[in-house]
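Student: My questions will all concern the structure given below.
Only the coordinates and a few stated rules stand behind these numbers; no lab work does. Just so it is clear, the model here is predicted, and its values are computed rather than measured. Every residue, glycine among them, receives a Cβ derived from its backbone with ideal geometry; neighbour counts consider all protein chains shown.
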Amino acid sequence: MPKASELKKGMVVEINGIPHAVKQLEAKSPSSRGAVTLYKVRFTNLLSKQKLDESYKGDDFLQEADCIRVPLQFSYQDGDNYIFMSSEDYSQYEVNALELEDQAAYITEGLEGMTGLLQNDKLLSIELPQSVEMEIVETPPAIKGSSASARTKTAKLASGIEVQVPEYLEQGEIVKINTTTGKFMSRA
């Protein structure tokens, strides 16, 4: 049973019998003597995908959810459903595109390094890898000699998302994108 002061982003706890994932965590230390540190936590309900904001004292205990983390690989898309396969036992899990929300733009054929959260053999959520590699399919022409400046241009990636990249990158190049912020990291 973790204390509120031990919570970390991505942990899964049970609130009223429903698994919730920690999405944001903020510690507020009061200035008066003898006061306790408060932790403001934003959870995401893993069943309904609703957000829940709670405040806890540092020594409040929370119930850890009975979930299993399994490595996943994206297999294919069937209409509005994404099919994932467990890398351990080759079990397949189906997830609707609406449940993936913003994550769907980063999921490409054969993507590995994802982690699935299972409870009673039901896939509750998917954690993407920290970064993914994607090809630039459309961008204005590269400008020679502009590598010393920090100017950027818009580039459309293979999945359809648009990111700001340095001016010297060209169409067809592979770039690394941070899945948390959605920003360009480096060339792949």
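Student: Could you tell me the largest-minus-smallest coordinate of the C-alpha atoms of the stretch 77-188 on each of the three principal axes, in descending order and whole angstroms?
Tutor: Here the Cα extents, ordered largest to smallest, are 56, 24, 20 Å.
Student: How high is the relative contact order of the chain, in percent, with contacts defined as C-alpha pairs under 8 Å that are six or more residues apart?
Tutor: 13
Student: May I pose another question? Direction-averaged shadow area of the convex hull around the Cα atoms of the stretch 68-127, nm²?
Tutor: Across all orientations, the stretch 68-127 yields a mean hull projection of 3.6 nm².
Student: Sticking with this structure for a sec: Given the options Thr139, Met85, Ser29, identify the residue whose Cα lies farthest towards the positive end of the charge dipole of the chain (+1 on Cβ of Lys, Arg; -1 on Cβ of Asp, Glu).
Tutor: After comparing all options, I get Ser29.
Student: Under the definition of Cα pairs under 8 Å and six or more residues apart, what whole-number percent is the relative contact order of the stretch 131-187?
Tutor: Once divided by the residue count of the stretch 131-187, the mean separation gives 40 percent.
Student: Let me ask another. Can you return the lysines within cross-link range of Lys176? Criterion is Cα-Cα under 18 Å, with same-chain partners fewer than 8 residues away left out.
Tutor: Lys153, Lys156
Student: Quick check: pseudo-label points 7 Å beyond the Cα along Cα→Cβ at Asp78 and Lys8, how many nm apart are they?
Tutor: 3.6
Student: In the calculated pair distance distribution of the stretch 1-40, what percentage of Cα-Cα distances lie above 17 Å?
Tutor: Here the tail beyond 17 Å accounts for 37 percent of pairs.
Student: Further question: Normalise the Debye intensity by I(0) for the chain, one equal point scatterer per Cα, no solvent, then take log10 at q = 0.13, 0.18 Å⁻¹ and round to two decimals.
Tutor: -0.81, -1.13
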